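Below you'll find the structure, written out as structure tokens, and then a few comments.
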Amino acid sequence: MVKLTTADISNDRVEVGNGVSIPRAWTAILTGEPDVPGAIRVEVTFDRRLGRSAAALVSVQRKAEGDEVTSLTLREVRVQAAVQATGLMVSTVLAGTDHPESGAAYLKRMRDRKERTTEETIADAATIYRLAAAVSMAPLKTVADNLSVSQSTATRLMNRARVDGLAEGIRLPRADATGPVVGAPGPTGPSIS
């Protein structure tokens with residue numbers, strides 16, 4: 001069974017917007033990865049130019065004598081998954097609560113939440129987008145998955161967030177794709193009430 005932990009979490013945090021912050025750097029440690037004989041260490045840093053977390057150094061330490069790290073072993077290392085999963089562990093979100101919560105806890109709360117106004121849905125979409133982008137997840141897919149909407153509805157919500165000033169600095173495919181989002185969207189897409 002794969003065990004994922006973090007270490008060397010920087011106290012210096014980057015505020016990425018919408019109440020989302022992430023450490024400037026941390027280390028992801030994976031053990032028990034199938035076909036990898038030892039521990040995988042991924043040093044992660046927030047890259048301002050990329051606007052997201054990125055692996056800076058990846059290493060595999062063999063477990064014992066007789067084990068060998070080869071190019072085949074290195075191909076088994078899931079670097080991006082480690083960046084994303086630990087990013088959700090070390091990031092914090094201050095939105096709708098009195099205290100910061102981890103990115104993972106925030107996304108769970110968003111998935112569990114069923115009743116939202118249109119304004120709340122747009123604000124939640126902007127915060128989810130910022131969090132996902134910061135930890136190198138696909139932002140629109142993450143918005144769609146966590147609000148139980150289609151990806152095209154997630155795009156419309158984010159365009160509305162941009163128009164409303166909630167997504168400053170976020171570039172989206174089409175600024176005119178705001179669509180008819182009047183009532184809060186449901187699992188089948190936007191509704192007009």
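The values are calculated or read from the model by the stated rules, or taken from the named source; none is laboratory data. Bear in mind that the values here come from a model prediction, so they are computed numbers and not experimental data. Positions of Cβ are backbone-derived with ideal geometry, glycine not excepted, and every protein chain shown enters the neighbour counts.
Residue pairs whose Cβ atoms lie under 9 Å apart, sitting 6 or more positions apart in sequence or on different chains, and linking a residue in region 9-29 that is free of Cβ contacts under 8 Å to residues at least 60 places away in the same chain to a partner that is in a loop (DSSP other than H, G, I, E, B) and acidic (D, E), are R24/D12; A25/D8; A25/D12; T27/D8. Of everything listed in (1) surrounded by fewer than 16 Cβ atoms within 10 Å (Cβ to Cβ); (2) modelled with pLDDT of 90 or more; (3) in contact with an Asp or Glu (Cβ under 7 Å, 6 or more places away or on another chain), the single unmet condition for D35 is (2).
Considering only residues that are surrounded by 15 or more Cβ atoms within 10 Å (Cβ to Cβ) and not β-branched (V, I, T), look in region 107-123 and name the one that is nearest to L147 (Cα to Cα).
Within region 107-123, the first condition is being surrounded by 15 or more Cβ atoms within 10 Å (Cβ to Cβ), and the residues that meet it are 107, 109-110, 113, 116, 118, 121-123.
Then keep just the ones that are not β-branched (V, I, T); that gives 107, 109-110, 113, 116, 123.
On the way: L107: 9, R109: 10, M110: 7, R113: 8, R116: 10, A123: 11 Å.
The residue in question is M110.
Answer yes or no as to whether V14 is surrounded by 15 or more Cβ atoms within 10 Å (Cβ to Cβ) and modelled with pLDDT under 85. Spelling it out, it is not the case that V14 is surrounded by 15 or more Cβ atoms within 10 Å (Cβ to Cβ) and modelled with pLDDT under 85.
Could you list, in sequence order, all residues of region 26-54 that are of a type outside the set (K, R), outside any loop (DSSP other than H, G, I, E, B) and more than 30 Å from D67 (Cα to Cα)? Correct list: F46, D47, S53. Considering only residues in region 150-164 that are of a type in the set (A, V, I, L, M) and surrounded by fewer than 24 Cβ atoms within 10 Å (Cβ to Cβ), the one that is nearest to the chain's Cα centre (by Cα) turns out to be A154. Being at pLDDT 95 or above and under 30 Å from E168 (Cα atoms) is a property that holds for R24. Please determine whether any residue of region 9-20 is under 16 Å from V79 (Cβ atoms) and part of a strand (DSSP E or B). The answer is no; no qualifying residue exists. What are the pairs with Cβ atoms under 7 angstrom where one residue, in region 141-160, is farther than 17 Å from K108 by Cβ and the other, located anywhere, is surrounded by fewer than 21 Cβ atoms within 10 Å (Cβ to Cβ) and of a type in the set (S, T, Y)? Sequence gap at least six, or different chains. From region 141-160, the pairs are R156/T178; N159/T178; R160/T178. Examine region 63-74 for a residue that is at positive phi and at pLDDT below 95, and state whether such a residue exists. Yes, the conditions are met somewhere in region 63-74.
In contact with a Leu (Cβ under 9 Å, 6 or more places away or on another chain), in the same structural domain as A132 (by TED's automatic domain parsing), modelled with pLDDT of 85 or more and not β-branched (V, I, T), is that true of R156? Judged against the criteria, R156 is not a match.
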